[in-house]
Amino acid sequence: MKFKHIIPSFLAALAFVVVGCSEDDEKTYLDGLRVSQSYVSISENGGKATITIDANADWAFKNINEVTVTVKDAAGNVLKNAKGKDSTRVEKQAAPEWLTVTPTSGAAGQTEITFSAESTLDGRTANLEIVCGGNSQLINVVQGESKISDATCAEVMEGPESKTYRVKGIVTRIANTEYGNWYLDDGSYSGFASTSGNKDGLYIYGTLDKSGKAGKNNSIADWGIEVGDEITVEGPKSVYNGTVELVNVTVVKIEKSLIKVDSLSVKDGHLPVAGGDITAFVTCKGNGISVEIPEDAREWLTMTSVTANSVTFHVAANTGGSRKTTLTFKTNDGTKDYSAETTISQDAFTLPHGEAENDPFTVEEVLAYVQSLGTKESENNVYVKGVISSIKYTYSAQFGTATYNISDDGNEENVFTVYSSYYLNNQPWVEGNDQIEVGDKVLVCGKVINYNGTTPEFASKKSYLVSLQKASAPDPGTLENPFTPTQALETAGKLNGDEKEVSEQDYYIKGKISQIKYEFSANFGTAQFHISADGTTEGDQFLIYGTYYLGNRAWLEGDTQIAVGDDVIICGKITNYNGTLETANKKNYIYSLNGATE
């Protein structure tokens, strides 16, 4: 996760450099770098302030402040994201958005630097760093005085940005433990749930730990914050991509919830495909326990018993993909409600090898399988991949079926017979459809049998062609025959999203850039964007995530920048990342951009 905001601390300034001054000279001295003052104050009503620096070499402000900027195409037009809002990215700059610094770099000698800001409703601060050779100096800029206002979640939602609020409410969900991101609701938020981008409450983005440190500080564990706790925090309001946030909040007070899930009878709350019972052991100091089961989980999860300190559930056997739900346990003290949460998940149902399209038998494997059946026909359909080695009957409009042999290598040895088999989509072949030829690669689905104990084959008119790749056609996903965005989605969709599976091989994918989330930058060297067949956001789009530039290298200043409408061919691995179908981060690159490969 990347920081979107930095709330500076005066203590950080003391840690950065040791400043010396005398009664008649306020300048801060460092070897080769002097500043007239390291503390700059600007009026709350807006205005300017200046300092003077003396440097013995070239100097510049270091980019340490993360700023959200809109993303534009080559013509200067603001790009839109998938929701139709202005597309943004986070980049580091010398100063935050509200502060203008002039100049931000210079040559050796004496330079006057001006700091300016518009008026503000509340106090704000910033840390800036000047670097000169091996020396660095931190400048603290303060505008106005911070005024903290008590408010409800609704008042924060409707109030001005940059103002500091104090809010008291219940922790409804924890989004990230390392940075301290979570949701708070005091009962006034519900009217904004459908328009604010989330339903869980006011978003708290970053929580200071007990020492006042922001960032990757594991502040959730430091404070012991749990869902259901009543907590009072204070912090400045910000709006990021339409989401209202309180940023890097200070915890004022925590009142622990009257209900807590201590443990589960099944490790990590994760059940096998077969399902079973699971018990949540609960500490409750309120007036009884009630449980809220999400509607989409009620078909497979039911509550079977409740005691003073436990709740037992039954999880049905799974016949589909992996599934997960969050259960909410509630109690009250007569005036106020308290809650706690736990998660129950279950493995996906996985078809045996050979019974799934993305896990077919080879010819060698299906030959062994039919031997195990004796003279019986298989109960279930199986998938078999192979190369056509000989053809007895090609497809005809009269019968709609074909009979041919397949083997693993295309030779007429160790063959499996595809007997009287239908065409694609389990339909009869019709004039105009592609015809089969020796050497074609096929995937066939149907019931199999060792006929009369001597002929291993697909049972008559109980199989069909799933895919046909002509012998003369290069493999899809190769440079000679790149995937379309739709084909890339289909292939990535066959990977296991729960395990964030990455393809073993590299694929080539061709399309037009339809929207850009992050252009290339010298800082990261990569970009993120979507491609579609025609460059529009209508229809299938495939996400190109963390991609390198031409030549499989990091982008550099001066390289051609991407734009919506550009023709690209991407080369690299693809993944199903928790259900998001995309290229694997930093394992792909632009092979060609508008026809250029370097």
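The values are calculated or read from the model by the stated rules, or taken from the named source; none is laboratory data. Here the structure is a predicted model, which means the values were calculated and not measured. As a convention, Cβ positions derive from the backbone with ideal geometry for all residues, glycine included, and neighbour counts pool all protein chains shown. The protein model used for the area step is the full one, side chains on, heavy atoms only, and it has no ligands, DNA or RNA in it. Shrake-Rupley method; radii C 1.70, N 1.55, O 1.52, S 1.80 Å.
Structure notes:
- Segment 544-561 residues that are in contact (Cβ under 8 Å) with a residue 24 or more places away in the chain, paired with ones that are surrounded by 14 or more Cβ atoms within 10 Å (Cβ to Cβ) and among the small types (Gly, Ala, Ser) (beta carbon under 6 Å, 6 or more apart): 547/527; 554/525; 555/525
- For segment 213-230, a residue qualifies if it is assigned to a loop (DSSP other than H, G, I, E, B), open to solvent by less than 20 Å² (accessible area, probe 1.4 Å) and under 18 Å from residue 201 (Cβ atoms), and the qualifying residues are 225, 228, 229.
- Looking only at segment 383-423, and only at residues there that are open to solvent by 20 Å² or more (accessible area, probe 1.4 Å), modelled with pLDDT of 95 or more and among the aliphatic types (A, V, I, L, M), the one that is nearest to residue 360 (Cα to Cα): 387
- For segment 367-374, the criterion of being over 23 Å from residue 473 (Cβ atoms), part of a loop (DSSP other than H, G, I, E, B) and without any contact (Cβ under 8 Å) to a residue 24 or more places away in the chain is met by no residue.
- Selection of first residues in segment 339-352 that are open to solvent by 20 Å² or more (accessible area, probe 1.4 Å) and of second residues that are of a type in the set (D, E, K, R) and assigned to a loop (DSSP other than H, G, I, E, B), restricted to Cβ pairs under 9 Å at least 6 apart or on distinct chains, gives the following pairs, ordered by first then second residue: 341/226; 347/498; 348/498.
- The one condition in (1) closer than 14 Å to residue 340 by Cα; (2) touching a residue at least 60 places away in the same chain (Cβ under 8 Å) that residue 309 fails to fulfil: (2)
- Strands (runs of 3 or more DSSP E) wholly inside segment 109-212 that include at least 2 residues being open to solvent by less than 40 Å² (accessible area, probe 1.4 Å) and at negative phi: 109-117, 124-132, 135-143, 164-176, 181-185, 202-207
- Taken together, 549, 545 contain a single residue that is out of contact with any helix residue (DSSP H, G or I) (no Cβ under 9 Å at 6 or more places or on another chain), open to solvent by less than 50 Å² (accessible area, probe 1.4 Å) and of a type in the set (Phe, Trp, Tyr), which is 549.
- Taking segment 488-503 as the range and being open to solvent by 80 Å² or more (accessible area, probe 1.4 Å) and touching a residue at least 12 places away in the same chain (Cβ under 8 Å) as the test, the residues that pass are 494, 498, 500.
- Of the residues making up segment 468-479, those that are open to solvent by 50 Å² or more (accessible area, probe 1.4 Å) and either under 14 Å from residue 406 (Cα atoms) or in a strand (DSSP E or B) (or both) number 1.
- Single residue of segment 355-380 satisfying the filter (touching an Asp or Glu at 6+ places or on another chain (Cβ under 7 Å) and not aliphatic (A, V, I, L, M)) that is farthest from residue 278 (Cα to Cα): 364
- Where a residue in segment 324-335 is within 30 Å of residue 498 (Cα to Cα) and open to solvent by 70 Å² or more (accessible area, probe 1.4 Å) and its partner, wherever it lies, is of a type in the set (Asp, Glu) and assigned to a strand (DSSP E or B), with Cβ under 9 Å and at least six apart: 330/292; 330/337
- Lone qualifier among 534, 540 - being among the acidic types (Asp, Glu) and either under 17 Å from residue 479 (Cα atoms) or touching a helix residue (DSSP H, G or I) at 6+ places or on another chain (Cβ under 7 Å) (or both): 540
- Of the residues making up segment 438-460, at least one is aromatic (Phe, Trp, Tyr), open to solvent by less than 20 Å² (accessible area, probe 1.4 Å) and modelled with pLDDT of 95 or more.
- Residue match in segment 235-243 (condition: touching a residue at least 24 places away in the same chain (Cβ under 8 Å), of a type in the set (Lys, Arg) and open to solvent by 20 Å² or more (accessible area, probe 1.4 Å)): no
- When segment 267-284 is filtered for residues that are touching a residue at least 60 places away in the same chain (Cβ under 8 Å), outside any helix (DSSP H, G or I) and either touching a Cys at 6+ places or on another chain (Cβ under 7 Å) or buried (at least 16 other Cβ atoms within 10 Å of the Cβ) (or both), the ones remaining, listed by number, are 271, 275, 278, 280.
- Summed over segment 193-217, residues that are at pLDDT 90 or above and within 24 Å of the chain's Cα centre (by Cα) total 6.
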